[in-house]
1. Given that compact globular proteins tend to follow 2.2 N^0.38 Å, what is the ratio of the alpha-carbon Rg of region 238-285 to that value?
2. What does the accessible area per residue of region 94-243 come to in Å², with a 1.4 Å probe and no ligands, DNA or RNA counted?
3. Tell me, what is the 1.4 Å probe accessible area of residue 351, in Å² to the nearest 10?
4. At q = 0.22 Å⁻¹, what log₁₀ I(q)/I(0) does a Debye calculation on the Cα points of region 140-235 give, no solvent, two decimals?
5. In region 87-177, which GluC sites (Glu not before Pro) fall in coil by DSSP and have 16 or fewer other Cβ atoms within 10 Å?
6. Need one value: the accessible area of residue 147 in square angstrom, 1.4 angstrom probe, rounded to the nearest 10.
7. Within region 216-240, whose backbone N sits under 16 Å from a point 7 Å along Cα→Cβ of residue 172?
8. Using the Cα atoms of region 332-402, I'd like the radius of gyration and the largest Cα-Cα distance, Dmax, both in angstrom.
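The values are calculated or read from the model by the stated rules, or taken from the named source; none is laboratory data. Remember, predicted model here, so these are calculated numbers, not experimental data. Virtual Cβ from ideal backbone geometry, glycine too; neighbours counted across all protein chains shown. Note: areas computed on protein heavy atoms with side chains; ligands, DNA, RNA excluded. Shrake-Rupley method; radii C 1.70, N 1.55, O 1.52, S 1.80 Å.
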Amino acid sequence: MATGADVRDILELGGPEGDAASGTISKKDIINPDKKKSKKSSETLTFKRPEGMHREVYALLYSDKKDAPPLLPSDTGQGYRTVKAKLGSKKVRPWKWMPFTNPARKDGAMFFHWRRAAEEGKDYPFARFNKTVQVPVYSEQEYQLYLHDDAWTKAETDHLFDLSRRFDLRFVVIHDRYDHQQFKKRSVEDLKERYYHICAKLANVRAVPGTDLKIPVFDAGHERRRKEQLERLYNRTPEQVAEEEYLLQELRKIEARKKEREKRSQDLQKLITAADTTAEQRRTERKAPKKKLPQKKEAEKPAVPETAGIKFPDFKSAGVTLRSQRMKLPSSVGQKKIKALEQMLLELGVELSPTPTEELVHMFNELRSDLVLLYELKQACANCEYELQMLRHRHEALARAGVLGAPATPASGPAPASAESAAPESGLAPDLTKDTIIDVVGAPLTPNSRKRRESASSSSSVKKAKKP
């Protein structure tokens, strides 16, 4: 008969020695048989941290429970390591305290420094950085033949070229060291002009025929104007700076308004052209004789011709589609136009979604396209009328202020409220100066006035559509 120890052995259960000896099986041994086993295995694999070693160092050395860290470091020849310097393999190169002279100095001064013994007698290594400007030299005969100038004497020219060699063409220093007591007082531009004129003359005279010359050119007049302009710019008063910034801001406003007007005129021209094209298309379609085609051909024909108001999508290659899909407005039509279109259709007594027969779809789409085109034309006309009234009121205000020097002409027709408020907003007063002269192009529209204008134009278009 099997005992409890045999059952524990078969089920691989572990327990305290007392339980094993007595042969009893507890409830925990049957429910959690792997718990004590894992605990036992973890206890066997743990290694105690060496005495005196910090916990952080031990965690760096040994973090997993598979293998213990090596006792000694090993070098496998792989990984990131640099070769150590091998000292003591050769003899040290001797250094010596030796004198040297700098070829850049003309006084023959003697200096001392440490240098390798093998480099004794060599030139000073930093002498190659002594770069000098090659100033041309002219003879007496060349000066008399080519370089003579009534405004300059030969002694003064020689003095200029001597200073140019000494100070490496630093003309500000040359002007400071120039002998103004013995010679005539010259500006920096005069010295530059004389020097580069002589260099260009000598280059032309000494040039070999057939070679490309790089002749230095100096425009003294341009340099004088540039310095004069910079001096005026630097000497401006704060009032002049503020006035210039104000004028620049006004110029940017005028340009922005001009671009906006040009864009509106282009849009209006496009609408007019589209209306003319649509009318001409309709006339041509009415005059053309209608040919009877098979039913299959008629189904393949586009149900809606391309109009100027709304461009409906073409379902030619879309497979099987419902005819009612052709009456859906494209996404290019905005919500504002859709609402205005629905209101106009309700005023005309037309259903918003009629029965989608072939003829009805064609005519319904044409009607909506014409209504949208009419709405856009009315909106453009309202915009033009508003701008006309605004400019008339501005003209009257300028005439009253005495800027134009002419009596104010009464505006024909009633002026809208937004146009009347445009003049006070621009800050016109009887003592107008440059503000009225600059801002005659038109006052900028605020967002509120633009919204009021658009709502007024949409309501006026609906009211006009109500009239028979």
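1. Numbers: Rg = 20.9 Å, N = 48, 2.2 N^0.38 = 9.6 Å.
It is 2.18.
2. Numbers: 11190 Å² over 150 residues.
Here the residues of region 94-243 average 75 Å² of exposed surface.
3. About 120 Å², rounded to the nearest 10.
4. Reported log10 I(q)/I(0), two decimals: -1.24.
5. Details: sites: 119, 120, 140, 142, 156; in loops: 120.
Passing sites in region 87-177 are 120.
6. About 0 Å², ignoring ligands and nucleic acids.
7. Inside the label zone: 227-228, 230-231.
8. 19.3, 67
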